[in-house]
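Okay, structure first, notes after.
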Amino acid sequence: MSLLELLKEGSKHYSGVEEAVLRNIEACKQLSQILRTSFGPNGMNKMVINHLEKLFVTNDAATIIKELDVLHPAAKMIVMASKQQENEVGDGTNLVVVLAGEFLHQAESLINMGLHVSDIIQGYTKAGDKALSILSDLVLGKVEDVRSESELSKSLRSVIASKQYGYEDIFTPIIAKACISVLPENIHEFSVDNVRVCKVPGGSASDTSYLKGFAIVRDSQGTIKHVKDAKVVVLAGGLEPAKTETKGVVLLTSADDLLDYSKGEERIIEQEIKELASSGANVLVVGGAVSDIALHFTEKYNLMVVKENSKFQLRRICKATGAIPLMRLGKPAPEQIGSCDEVSVEEVGSTKVTFFRNSSPRCSITTILIRGATQNILDDIERCIDDAVNSFKVIIRDPRLLAGAGASEIQLAASLIPLGDNTPGLDQYAIKKYAEALEIIPRTLAENAGVDTTEIISSLYASHHAGNDKDGVNVEDGTITSAAALNIFDLFLTKYSAIKLATEVALEILRVDQIIMMKPSGGPKIPEMGARDTD
């Protein structure tokens, strides 16, 4: 009796090396191949149109694999490992996919040689543990002071260059200043949400700037566009005449009754706005609709009105000004009133932007105003900034630095080859192949830079055997140069996490010897979730 006779009709079953292991490896190699060409400063962009027909033009691996909607179960495991890297570290997602794909590719050649999968797993496990222990010995130094702009710029430069090559000298100091400006006394309480991005189309990426405070792409509601020494009140609801909680019926028997009713409503809302103005407030941020009559009275009492429907943005305005949101209109308590240096509506390009500038230590929000020719460019710059801010948080957790540009991987490979030579049994082949797989990082950097990969790899090995363990690939001129001299550093925690996750997911996939797929259940399919707000 075959296995399929035990299962529901329509089930599928694949077993053995040919059907299960090699099939899984092939799927993972295809995924890795897609992302390899996007790796490093010279990485190419991918144009992805997702199931909602939204266009993405990016070289960010996390975005690409998220929008590709990978279905193959083995490839999906690599995607999950990459997402875990994104959640834990915030950068290095491409590194996980490329390394895992190459580990499996090298394992495939060992399987074709006749080596048993269990021997490969054993060798890879030894090599992975040894690689992680060697990595600690390759540390060049660390960021001594996270409040030093020059030290931060040195460590964040390669993170930005890998996403926005050519703009790293523009973005690095801006991001470093933005992160330092909202760094609390206890640096471990730093939140990446406190560094915001405001995207304004037009101009070029070199026009990007930052401000202490918050910015939203919208105009104010009335004629007041600028307020100095602003006292800010945030109203969670709308600015309009109050409505009853329950359904009410008003009997009006004449025109005078209607006029009196309207005047009564006007008196109530004027009284509330007058109380608001008497508290010293001169800026009102509203989280709902603003009626014409309410706007008339805010103008009368010199109140600037800014409308913002998003509760997430309202929360950020509160963090930028120190305000506590009101649930109903009326005179606020002194502690509910926020403050900032100025609130002004300014034209950036042809777009109206409202700025809440606040140099006070009480302000825990900073905003990077990014410019770009198209929305896709703005989105890609935003992803680059997000990776850099996450990397800043990684530096706070572990400030150690490694040589970048593929220098660490080549040194790991050179250190693992003697381990393979000294290991008895069939494990040695797997250890050597693991070391060979680590070459994929400098090889890919060289490939994407358009230089001879074979010559680069052999030159790197020669240089490292001569004691130059900081030498990596110079993608600008295709030569071997000291990564430390070029200020190209990788964060230790990012590299450690990526190698660990890539090794673990490769081992997990190699352990699969059977694929059993049940017949999909009948009935209507679960509807897909629609597009949602990024928050």
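Key figures
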quantity	calculated
Considering residues of the stretch 458-483 that are surrounded by 20 or more Cβ atoms within 10 Å (Cβ to Cβ), of a type outside the set (Val, Ile, Thr) and within 30 Å of the chain's Cα centre (by Cα) only, the residue nearest to Ser133 (Cα to Cα)	Lys470
Tally of residues being closer than 17 Å to Asp193 by Cβ, of a type in the set (Ser, Thr, Tyr) and modelled with pLDDT of 85 or more across the stretch 357-415	3
Residues of the stretch 430-469 classified as of a type in the set (Gly, Ala, Ser), in contact (Cβ under 8 Å) with a residue 24 or more places away in the chain and touching a strand residue (DSSP E or B) at 6+ places or on another chain (Cβ under 8 Å), total	2
Search result, residues across the stretch 228-258 that are small (Gly, Ala, Ser), at pLDDT below 70 and over 27 Å from Ala323 (Cα atoms)	Gly248
Residue within the stretch 315-328 that is loosely packed, with under 15 Cβ neighbours inside 10 Å, modelled with pLDDT under 85 and within 21 Å of Asp292 (Cα to Cα) present	yes
Qualifying residue in the stretch 115-125 (condition: assigned to a helix (DSSP H, G or I) and either assigned by TED's automatic domain parsing to the domain that holds Gln375 or without any contact (Cβ under 8 Å) to a residue 24 or more places away in the chain (or both))	yes
Filter result for the condition that a residue is under 30 Å from Thr454 (Cα atoms), assigned by TED's automatic domain parsing to the domain that holds Gly90 and in contact with a strand residue (DSSP E or B) (Cβ under 7 Å, 6 or more places away or on another chain), over Gly425, Gly406, Gly420	Gly406
Residue list for the stretch 405-457, restricted to those being among the hydroxyl-bearing types (Ser, Thr, Tyr) and either under 32 Å from the mean Cα position of the chain (by Cα) or in a helix (DSSP H, G or I) (or both)	Ser408, Ser415, Tyr429, Tyr434, Thr444, Thr453, Thr454
Residue satisfying all of: in the stretch 329-342; in contact with a strand residue (DSSP E or B) (Cβ under 8 Å, 6 or more places away or on another chain) and surrounded by fewer than 20 Cβ atoms within 10 Å (Cβ to Cβ); farthest from Met304 (Cα to Cα) among these	Gln336
Qualifying residue in the stretch 177-189 (condition: surrounded by fewer than 17 Cβ atoms within 10 Å (Cβ to Cβ) and hydroxyl-bearing (Ser, Thr, Tyr))	no
Hey, Val57 out of contact with any Lys or Arg (no Cβ under 6 Å at 6 or more places or on another chain), of a type in the set (A, V, I, L, M, F, W, C), surrounded by fewer than 18 Cβ atoms within 10 Å (Cβ to Cβ) and in contact (Cβ under 8 Å) with a residue 24 or more places away in the chain or not	yes
Any hit, the stretch 343-356, residues being of a type in the set (D, E, K, R) and either farther than 17 Å from Val306 by Cβ or in contact with a Gly (Cβ under 8 Å, 6 or more places away or on another chain) (or both)	no
Test for Glu108: is it surrounded by fewer than 23 Cβ atoms within 10 Å (Cβ to Cβ), out of contact with any strand residue (DSSP E or B) (no Cβ under 7 Å at 6 or more places or on another chain) and within 24 Å of Thr366 (Cα to Cα)	no
Among residues of the stretch 276-310, those that are exposed (fewer than 14 other Cβ atoms within 10 Å of the Cβ), in contact (Cβ under 8 Å) with a residue 60 or more places away in the chain and under 24 Å from Lys212 (Cβ atoms), counted	1
Enumerated strands (runs of 3 or more DSSP E) restricted to the stretch 332-383, each holding at least 2 residues that are at negative phi and free of Cβ contacts under 8 Å to residues at least 12 places away in the same chain	338-348
Any hit, the stretch 381-398, residues being surrounded by 24 or more Cβ atoms within 10 Å (Cβ to Cβ), within 30 Å of Leu438 (Cβ to Cβ) and among the aromatic types (Phe, Trp, Tyr)	yes
The one condition in (1) outside any helix (DSSP H, G or I); (2) more than 16 Å from Ile377 (Cα to Cα) that Met44 fails to fulfil	(2)
Flag if Arg147 is at negative phi and assigned to a helix (DSSP H, G or I)	no
Residues of the stretch 51-98 satisfying the condition of being under 14 Å from Leu501 (Cβ atoms) and outside any helix (DSSP H, G or I)	Val89, Gly90, Asp91, Gly92
Criterion violated by Leu401 - all others in (1) in contact with a strand residue (DSSP E or B) (Cβ under 9 Å, 6 or more places away or on another chain); (2) surrounded by 19 or more Cβ atoms within 10 Å (Cβ to Cβ); (3) assigned to a helix (DSSP H, G or I) satisfied	(3)
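The values are calculated or read from the model by the stated rules, or taken from the named source; none is laboratory data. Only a predicted model underlies this, so the values are computations on that prediction, with no experimental measurement involved. Virtual Cβ from ideal backbone geometry, glycine too; neighbours counted across all protein chains shown.
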